[in-house]
Structures are given as structure tokens and as C-alpha cells.
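Beneath this line is the structure, given in C-alpha cells, with notes to follow.
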Amino acid sequence: MTDVRTVILPTPADVARRAAEELTETAVETVRLKGRVAVALSGGSTPIEMFGLLTREPFRSEMPWQQLHLFWSDERCVPPDSPDSNYYAANEALLSRVDIPEENVHRLRGEIEPDEAAREYERQIRAAVEGDPPRFDLILLGMGGDGHTASLFPHSDGLSVTDRLVVHNHVPDEHRGSAPVADRLTFTSTLINAAERVTFLVTGSGKADVLKAVLEGERDTEQYPSQLVLPADGKLLWLLDEAAASRLAVR
Ligand code: 6PG
């Protein structure tokens with residue numbers, strides 16, 4: 001059973017704060033129940049403000065950093081010190097500023113041969129996250145202006161892969177829009193939809209049209225991969241600002 005909720009807040013700053021609250025509350029509650037918590041971060045620019053909030057009070061003290069295991073729902077096939085790396089962005093804004101144990105940061109190695117990196121990550125996830133398929137406690141996702149999420153881009157081969165957890169997805173220029181880096185590593189819809197919670201963070205007027213198509217248009221997962229996300233037995237939260245939600249009929 002999927003529990004789908006949409007929360008619309010006035011500004012991107014409100015979305016960032018609500019996301020920091022949800023992440024911290026989920027982590028505290030999950031650690032209380034299970035002793036550890038597994039969270040996958042999204043890439044892109046939207047989560048950066050939330051990362052900054054997590055380095056400051058009250059989140060800095062509330063977050064169980066010692067029991068928090070961080071993963072990425074996708075990564076570009078670049079070295080970890082590349083400005084195009086999702087790990088690089090999270091390390092700059094968050095990881096280098098908090099006391100999270102190094103062994104709790106599970107980096108997708110974009111610098112090695114992509115298929116080996118994907119298989120290595122699958123092994124890491126299976127070792128660290130319970131369930132078959134592994135059930136993340138929380139997966140954070142963004143959505144591109146073309147309706148992609150993670151690195152599941154429109155009309156890309158990765159969309160149809162259901163027998164893997166993580167795959168190398170080559171995204172040709174004609175299907176990547178303004179997104180950088182053609183070769184990427186991404187969670188598949190199988191892994192995403194096994195999660196306990198999936199939260200989309202979507203802000204800005206530039207996402208309004210595609211968000212309406214994704215949430216209120218015809219189902220077309222080849223064109224709008226974000227429509228693939230529907231946790232089979234979990235909670236899906238769309239955390240939006242007014243600008244991104246401005247075209248939605250259902251408010
Ligand atoms: C990536 C991201 C991607 C991102 C969306 C939204 O590696 O590119 O994971 O899926 O979440 O493109 O990006 P913005 O937050 O920058 O709009």
C-alpha cells in the first residue's frame with residue numbers, strides 16, 4: 001500500500017527546512033527502533049540548502065550521525081573531486097562539516113568503470129541495507145525539468161531495468177537536456193520502490209509545467225520517469241514550493 005502525500009510550502013527555504021526536519025525525525029525514530037538508519041541522498045542543486053541546515057542547530061545536535069548511513073541515489077561518472085560529482089557537492093556542503101564516521105559514507109565510485117561501480121554499489125547496499133530488494137529507510141529524490149529523477153532520464157535504457165538495484169545509464173545528449181555528464185550511475189525503479197519512504201524535493205517555477213504533467217497528466221514513464229516512483233509498501237512525499245506547484249489543479 002502506498003501512502004502518497006503532497007506538501008506545498010511558500011518558498012525553497014521552507015522546503016529545505018521541512019526536508020531537514022523530515023530527514024532528522026526519520027533518522028531519530030529509525031535509530032530508536034533499529035539502531036541504524038540508511039538514507040540515500042539526491043544530487044543536483046535542490047538539496048544543497050537542506051545540507052547546510054543539517055550542519056547547524058538544531059539539526060546538528062539532533063541527527064544521530066554515528067548511526068546514519070548515507071548513500072546516493074545517483075552519481076555522475078566523474079571523480080569525487082569533480083564539481084559535477086554529487087558526492088563532491090554533499091561533501092562540500094555537509095559531510096566535511098559534521099561528525100559522520102567515514103565508514104558511514106557509502107560513495108558511488110564514479111571514477112571507475114561504470115558497470116563495475118554499479119555492481120560494487122549493489123554489493124555495498126545489500127550488505128548494509130536489510131530486505132530483498134534492500135529497503136532504504138528514506139530515499140531523497142529531485143526532479144529535473146524534463147521529468148527525470150535520480151539518473152533515470154526520458155527514453156534512457158535504465159528506465160526498463162528491473163532486475164538490478166544500481167545500473168550504469170548512458171544518457172545521450174538528445175535525452176539529457178541541460179543536465180551534465182552523459183555517463184551516470186543510478187538506482188533503478190526497483191530499488192527506489194522498495195523503500196520505506198521516498199521524498200521528492202521540487203522547487204522553482206521552472207519545474208511547474210513538468211510537475212503538472214508528472215502528477216496530473218497521462219502516465220508515460222518513458223517521457224516522465226518520475227512517474228515510475230511509487231513505493232510498493234511505503235510513503236511517497238512530494239515536498240514542493242508554491243512556484244513549482246503553481247500549475248497543479250489539486251492543491
Ligand atoms: C543528478 C540528480 C538529478 C537531480 C535533478 C534535479 O545527478 O543530476 O540526481 O536527478 O535531482 O536533475 O536537479 P536540481 O535539484 O539541480 O534541479
Hits in segment 19-58 (condition: out of contact with any strand residue (DSSP E or B) (no Cβ under 6 Å at 6 or more places or on another chain), within 16 Å of the ligand (Cβ to nearest atom) and over 27 Å from ARG126 (Cα atoms)): SER45, ILE48, GLU49, MET50, GLY52, LEU53
Residues being more than 13 Å from the ligand (Cβ to nearest atom) and surrounded by fewer than 17 Cβ atoms within 10 Å (Cβ to Cβ) - total across segment 191-211: 1
Close pairs (6 angstrom Cβ cut-off, 6 or more residues apart or separate chains): without any contact (Cβ under 8 Å) to a residue 60 or more places away in the chain and under 13 Å from VAL210 (Cα atoms) in segment 138-161, surrounded by fewer than 22 Cβ atoms within 10 Å (Cβ to Cβ) and of a type outside the set (A, V, I, L, M) anywhere: none
Residues (within 15 Å of the ligand (Cβ to nearest atom) and among the small types (Gly, Ala, Ser)) located in segment 212-236: SER226
Filter pass, ARG32 being among the charged types (D, E, K, R) and either closer than 20 Å to ASN169 by Cβ or touching a residue at least 40 places away in the same chain (Cβ under 8 Å) (or both): no
Conditions (1) more than 13 Å from the ligand (Cβ to nearest atom); (2) farther than 14 Å from GLU75 by Cα; (3) under 17 Å from the mean Cα position of the chain (by Cα); (4) not in a loop (DSSP other than H, G, I, E, B); number of the one not met by ARG135: (4)
Members of segment 167-193 found to be outside any loop (DSSP other than H, G, I, E, B), within 13 Å of the chain's Cα centre (by Cα) and without any contact (Cβ under 8 Å) to a residue 60 or more places away in the chain, listed by number: SER189
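Can you tell me which residue among ILE48, ILE8 is more than 14 Å from the chain's Cα centre (by Cα) and surrounded by fewer than 20 Cβ atoms within 10 Å (Cβ to Cβ)? Even if it seems obvious, please write down each step before you answer.
Working: ILE48 fails: more than 14 Å from the chain's Cα centre (by Cα).
Among ILE48, ILE8, only ILE8 is more than 14 Å from the chain's Cα centre (by Cα) and surrounded by fewer than 20 Cβ atoms within 10 Å (Cβ to Cβ).
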Candidate set from segment 69-83 (those that are within 16 Å of the chain's Cα centre (by Cα) and away from the ligand (no atom under 12 Å from the Cβ)); member that is nearest to THR188 (Cα to Cα): PHE71
Hey, ILE125 away from the ligand (no atom under 16 Å from the Cβ), within 17 Å of TYR87 (Cα to Cα) and not aromatic (Phe, Trp, Tyr) or not: yes
Matching residues in segment 73-132 - criterion: being over 25 Å from THR30 (Cβ atoms) and hydroxyl-bearing (Ser, Thr, Tyr): SER82, SER85, TYR88
Single residue of segment 158-179 satisfying the filter (within 12 Å of the ligand (Cβ to nearest atom) and more than 24 Å from VAL39 (Cβ to Cβ)) that is surrounded by the fewest Cβ atoms within 10 Å (Cβ to Cβ): SER178
Residues satisfying the stated conditions in segment 113-132, i.e. within 30 Å of GLY52 (Cβ to Cβ) and either in a loop (DSSP other than H, G, I, E, B) or in contact with a Pro (Cβ under 9 Å, 6 or more places away or on another chain) (or both): ILE125, ALA128, VAL129
Pairs where the first residue, in segment 39-56, is in contact (Cβ under 8 Å) with a residue 12 or more places away in the chain and among the aromatic types (Phe, Trp, Tyr) and the second is within 8 Å of the ligand (Cβ to nearest atom) and part of a loop (DSSP other than H, G, I, E, B), C-beta under 6 Å, 6+ apart: none
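Rule-based calculations on the coordinates, nothing more; no lab input. Given the structure is predicted, the values throughout are model-derived calculations rather than measurements. Note: ideal-geometry Cβ built from the backbone for every residue, glycine included; neighbour counts use all protein chains shown.
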